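First comes the structure, then the notes that go with it.
The values are calculated or read from the model by the stated rules, or taken from the named source; none is laboratory data. The model shown is predicted, which means the values in this text are computed figures rather than measured ones. Counting neighbours? That spans all protein chains shown, and the Cβs are built from the backbone with ideal geometry, glycine included. The accessibility values were calculated without ligands, DNA or RNA, using every heavy atom of the protein model including side chains. Shrake-Rupley method; radii C 1.70, N 1.55, O 1.52, S 1.80 Å.
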Amino acid sequence: RGVEVLHIVHNGFMFEMLEELKRRHPNLKIIVTMFNDRVEYFEQSVQYETYIDCFTTDNIKVENHYRTLLQEGSAVTRIPNGIDCVSRFNPELYDSAGLKTKLGLDSGKTLAFFVGRLSSEKNPDVFVDVARGMYAVDKSVHFYIIGDGPMRSQIEKEIAHLSNITYLGYQEDIPAYLATADIFVLPSSIEGFPLSLLEAMAMRAVSIASDVGAVADVVTNGKDGFVVSPGSSNEIETVIRNLLKDKTKLSSIKDSARKTVEGKYSSIILGKNYKKLYNGLLK
């Protein structure tokens, strides 16, 4: 059918076929993209290096790991992920004040959100700990949890007696909720290149994220967000307290976060980067 490029994205399904594919179609270019190095097919991809023309990833950690395992001269490139920050994750498309009323959110307070799967690697219980700690010293922040998962019953039980945190369940219109957010917390212990982080930054939320995966690649600490130790409710709480004391900095970081995504992590830039890679291999 005249296929010129086979792009294998974060799976091991195709590797055993590569030898035969290359035999039948010697001009076929094979690209492998891996988002993290914890899956078994990361190691498998290295074993099939002979048949792969280029390895790509979206973060520095995996890029460096590939360079230590692959033969010298093997093509490895990093292409950061991207999101639609024009027609979807764009704060200019939303009326923040009106949405707070429409969605039943506390319009008189600073709003902090957790958005993600309620599972152990995402650490939603850390977010609850932050809300619990803040309740004791400052009730000007209301915390919201969006998502579902195996920890749901545990989280609902933990927040039952806390008036400053609300569980909103699973929601589809995430951009609308992020349009109301002042703060976005990503307390995960495991991440690759979290799109939820880009989405929050694009919507001008101040992100406080664990130093895992590609988070530190994206966030410049103190400029367009904050990077904290994984699972540290104390560090997250400290950042929030400091932001409450300096609303000018809060606003400045919101603006910087949006600019970072527009300049580096839009789906338009992502598309151009992959098009450049494909064209380069086909020359």
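Only one of the listed residues (Val137, Val130) is open to solvent by 20 Å² or more (accessible area, probe 1.4 Å) and under 23 Å from Thr238 (Cβ atoms). That residue is Val137. Residues considered: Ile190, Ile165, Ile208, Ile174. Of these, the only one that is of a type in the set (Val, Ile, Thr) and under 15 Å from Val239 (Cβ atoms) is Ile208. When segment 217-243 is filtered for residues that are open to solvent by 50 Å² or more (accessible area, probe 1.4 Å) and touching a strand residue (DSSP E or B) at 6+ places or on another chain (Cβ under 6 Å), the ones remaining, listed by number, are Asn221, Pro230, Glu235. Residues in segment 101-111 that are in contact with a His (Cβ under 7 Å, 6 or more places away or on another chain) and at pLDDT 95 or above: Lys109, Leu111.
Pairs are defined by a Cβ separation below 7 Å, a sequence spacing of at least 6 or placement on different chains, a first member in segment 271-283 that is under 18 Å from Ile52 (Cβ atoms), and a second member that is open to solvent by 60 Å² or more (accessible area, probe 1.4 Å); the pairs so defined are Leu282/Glu4. Restricting segment 93-120 to residues that are open to solvent by 60 Å² or more (accessible area, probe 1.4 Å) and under 21 Å from the mean Cα position of the chain (by Cα), the residue that is farthest from Ser229 (Cα to Cα) is Arg117. Candidates Leu178, Leu195: the one that is closer than 21 Å to Gly263 by Cα and open to solvent by 10 Å² or more (accessible area, probe 1.4 Å) is Leu195.
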